Amino acid sequence: MNKNSSNIMALAPSTSNKRETVCIFGTGDFGRALGHKMIQSGYPVVYGSRSTQISNLIPRDAEVLSHAEAAKKAAVIIIAIQRQHYNFLTKLADVLHGKVLVDISNNLKLNQYPESNAEYLAQLLPGSKVVKGFNTVSAWALQSGTLDASRQVFICGDDVEAKQMVMNIVRGLGLTPVDKGSLLAAQEIENYPLQLFPTWKFPIFLSLGLGLFFFFYCLVLDVIYVYIHENNNFSFFIAITVPNQVFPAMALTLFGLVYLPGIFAAIVQLYRGTKYRRFPDWLDKWMLCRKQLGLIALAFASLHAVFTLVTPLRAFSSWRTSRRIVSQVLNNQTEPLNHTNAWLSDSYLALGILGFFVFVLLGITSLPSVSNSVNWREFRFIQSKLGYLALILCTAHTLIYGGDWFLNPSAYKWYLPDIYMLSLVVPCAVLVVKFVLILPCVDKHLTKIRQGWERNPRYSE
């Protein structure tokens, strides 16, 4: 009932433009920046401070009083001080009784204390209504006005009316409040600013490990092997040639890894005969980071495109071309056009361009501003149907690039396959299994499972 009424209050138009006075305890960077933003938005602001002297750092139209006097002037008090200084608030328990206290503090590390700062504040002042909020907005963003990247303000608290008051202030500042529930969510909210790309850790570490493996693999085959067996120093390959073999191998492998967990999920559901059981943890985490893997793969594909464009500018390319021309002149021979190679070359380039175009389209639609403008069916069509189309095009691009080179014994230096052969393992496996899964006899059964059918239902009707 309270929840519904709060939603109605949030949607109801304001009957007055008059803003209530807001008190801020603390005159640090964030307290000053928040006060300045509130004054710009029409809120009267009074600061509670140990020193009541007006400072040039305090917003011009703000009032500075002692903590007790400032608290008496407002129903909402923003606590812009660190947790270790909360103890002095117990002396103001009578003045703060019934007031809404907004805890905006953060910690230096994840789960630094057994309980959240907001819960600790509520324990110190049981007569006050504690709300967590504003801790995910930076002072710099408030001062500079660049709030696009941090417009959401996470709010939580046990008192519905107190949360609504704070959410109204958030809206008044031009920000978007997000209700995260009771004060128990404060620990999670306080951890948000301390997390450094949490969903990117696995994709980044995987990319680093895979990239180092591919780099040293190419280094061994294209530099070390040539130096030992042919006594040629091609160490300059490290700058352009080796990276331009690693980048496409990384892009194609990571792109295949984007769709591989979906293949595993389908196999697990077919094996279990139900969709009502959780996937293994490793598969759950893998599926949650598919977007990040895809974006990293797109970055490597973009680097491959750029490096390929600059390849003709290399001194080695010019030397090799001039050497071929001089050889033909000295031998008085002209190499005829090989139409088969011409077809393969043009097809290889065309498939690469088309695959990269669709790949870029997938990357664009994964942006929140774009994905929010399409419905679920459209988003699924782009990410699934067009995604597999891009994977097919990129895989075909690599296959035609290699041609029948894999049949040539000289392609296996030290009995090791070329890097392009390694890059085809994951995407080819994905496409082969996906082809089996879309066969009518298999797809029909899988669709039934995903619509709720169970082979062995737990509960009979």
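Which value, in debye to the nearest 20, describes the size of the charge dipole of the stretch 22-194 about its Cα centre when Lys and Arg Cβ atoms bear +1, Asp and Glu Cβ atoms bear -1, and nothing else is charged? Working shown, then result.
Working: 16 positive and 15 negative charges, 63 e Å.
Approximately 300 debye in magnitude.
FRET efficiency for Gln112 and Arg50, Cβ-Cβ distance as r, R0 = 22 Å, nearest 0.05?
Working: r = 25 Å, r/R0 = 1.15.
Efficiency at R0 = 22 Å is approximately 0.30.
Relative contact order, percent, of the chain when contacts are C-alpha pairs under 8 Å separated by at least 6 residues?
Numbers: 569 pairs, mean separation 52.4, N = 461.
This gives 11 percent for the chain.
Note the angle between two axes, namely the Cα long axis of helix 315-331 and the longest principal axis of the Cα atoms of the chain, as a number of degrees from 0 to 90, rounded to the nearest 10.
Once rounded, the angle reads 10 degrees.
What's the local net charge at Leu194, with K and R +1, D and E -1, over the other residues with C-beta under 13 Å away?
With Lys, Arg at +1 and Asp, Glu at -1, the net is -1.
Relative contact order, percent, of the stretch 22-194 when contacts are C-alpha pairs under 8 Å separated by at least 6 residues? Don't jump to the answer; show the numbers that get you there.
Numbers: 327 pairs, mean separation 35.1, N = 173.
In percent, rounded to a whole number, it is 20.
Work out Dmax and Rg for the stretch 22-194 from the C-alpha atoms and quote the Rg first, both in angstrom.
Values for the stretch 22-194 (Cα only, Rg and Dmax): 14.7, 40 Å.
Select from Phe234, Pro59, Pro114 the residue farthest towards the positive end of the dipole of the chain; place +1 on Cβ of Lys and Arg, -1 on Cβ of Asp and Glu, and compute about the Cα centre.
Pro114
Two decimals, Cα atoms only, Kirkwood Rh: what is Rg/Rh over the stretch 200-451?
Numbers: Rg = 21.3 Å, Rh = 20.6 Å.
We get a ratio of 1.04 for the stretch 200-451.
Can you figure out the FRET efficiency of Trp414 with Val360, using R₀ = 30 Å and their beta-carbon distance, to the nearest 0.05?
Working: r = 37 Å, r/R0 = 1.23.
Computed FRET efficiency for Trp414 and Val360 comes out at 0.20.
Viscosity 0.692 mPa s, temperature 37 °C: give me the Stokes-Einstein translational D for the stretch 346-387 in µm²/s, with Rh taken as the Kirkwood radius over C-alpha pairs. Walk me through the numbers before you get to the answer.
Details: Rh = 11.0 Å.
Value of D from the Cα-based Kirkwood radius: 299 µm²/s.
If DNA, RNA and ligands are ignored and the probe is 1.4 Å, what is the ranking of Phe356, Phe381 by accessible area, most exposed first?
Details: Phe356 65, Phe381 110 Å².
The residues order as Phe381, Phe356, largest area first.
Given the convex hull of the Cα atoms of the stretch 140-270, what is a quarter of its surface area in nm²?
Numbers: hull surface 59.2 nm².
Projected area, direction-averaged: 14.8 nm².
With a sphere of radius 9 Å drawn around the Cβ of Leu221, what net charge do the other residues whose Cβ falls strictly inside it have (Lys, Arg +1; Asp, Glu -1)?
Details: positive: Lys413; negative: Asp222, Asp418.
With Lys, Arg at +1 and Asp, Glu at -1, the net is -1.
Give, as a single signed number, the net charge of other residues whose beta carbon lies under 11 Å from the beta carbon of Leu101, with Lys and Arg counted +1 and Asp and Glu -1. Intermediate values should be presented prior to the final figure.
Numbers: positive: Lys99, Lys129, Lys132; negative: Asp103, Asp159.
Value of the local net charge: +1.
Given the Cα-Cα distance of Ile325 and Leu288 and 0.36 nm per residue of separation, how much length would full extension add, in nm?
Working: separation 37, 0.36 × 37 = 13.32 nm, distance 5.37 nm.
So the extension gain works out to 8.0 nm.
For the modelled label position 7 Å from the Cα of Ser302 along Cα-to-Cβ, which residues of the stretch 195-220 have backbone nitrogen atoms closer than 17 Å?
204
Would you work out the charge dipole size for the chain about its Cα centre, treating the Cβ of every Lys and Arg as +1 and the Cβ of every Asp and Glu as -1, and quote it to the nearest 20 debye? Could the numbers behind the result be given before it?
Numbers: 41 positive and 28 negative charges, 129 e Å.
With only Lys, Arg, Asp and Glu charged at Cβ, the dipole is about 620 debye.
Helix 160-172 sits at what angle to the longest principal axis of the chain, using alpha carbons and giving 0 to 90 degrees rounded to 10?
Approximately 70 degrees, to the nearest ten.
Using only C-alpha positions, report the orientation-averaged shadow area of the convex hull of the chain, nm², one decimal. Please list the in-between numbers first.
Working: hull surface 135.6 nm².
Quarter of the Cα hull surface area: 33.9 nm².
222 nm [θ] for the chain, helices only, -39500 (n - 2.57) per DSSP H run of 4+, per residue, to 500? Don't jump to the answer; show the numbers that get you there.
Working: 21 runs with 247 residues, N = 461.
Estimated from H runs of four or more residues: -16500 deg cm²/dmol.
Do you know the relative contact order of the stretch 326-407, to the nearest whole percent, from alpha carbon pairs under 8 angstrom that are 6+ apart?
Relative contact order, the stretch 326-407: 43 percent.
Pairing the Cα long axis of helix 339-365 with the longest principal axis of the chain, what angle in degrees results, from 0 to 90 and rounded to the nearest 10?
Between the helix axis and the principal axis of the chain, the angle is about 10 degrees.
Any chance you could check the Cα centroid distance between the stretch 405-424 and the stretch 254-312 for me, in angstrom?
The stretch 405-424 and the stretch 254-312 have Cα centres separated by 25 Å.
Placing +1 at every Lys and Arg Cβ and -1 at every Asp and Glu Cβ, with all other atoms neutral, what dipole size does the stretch 200-451 have around its Cα centre, in debye to the nearest 20?
Roughly 1120 debye, rounded to the nearest 20.
FRET efficiency for Glu188 and Leu389, Cβ-Cβ distance as r, R0 = 60 Å, nearest 0.05? Intermediate results must be reported in sequence, preceding the final value.
Values: r = 39 Å, r/R0 = 0.65.
Efficiency for this residue pair is about 0.95.
Just order 114-123, 176-185 by mean Cβ neighbour count inside 10 Å, highest at the front, would you?
Working: 114-123: 20.1, 176-185: 16.3.
In descending order of packing, they fall as 114-123, 176-185.
Need the C-alpha centroid separation for the stretch 50-70 versus the stretch 317-336, integer Å.
So the separation of the two Cα centres works out to 83 Å.
As I understand it, the dipole of the stretch 314-421 uses +1 on the Cβ of Lys and Arg and -1 on the Cβ of Asp and Glu, about the Cα centre. Which of Gly355, Val374, His397 lies farthest toward its positive end?
Val374
Could you pull the Cα extents of the stretch 253-344 along its three principal axes, largest to smallest, in whole Å?
74, 26, 15
Go through Ile78, Gly35, Gln164 and say which Cα lies farthest out towards the positive end of the charge dipole of the chain; charges sit on Cβ, +1 for Lys and Arg, -1 for Asp and Glu.
Ranked along the dipole, the leading option is Gln164.
The values are calculated or read from the model by the stated rules, or taken from the named source; none is laboratory data. These numbers were taken from a predicted model, which means no experiment stands behind them. Backbone-built Cβ (ideal geometry, glycine too); neighbour counts: all protein chains shown. Note: areas computed on protein heavy atoms with side chains; ligands, DNA, RNA excluded. Shrake-Rupley method; radii C 1.70, N 1.55, O 1.52, S 1.80 Å.
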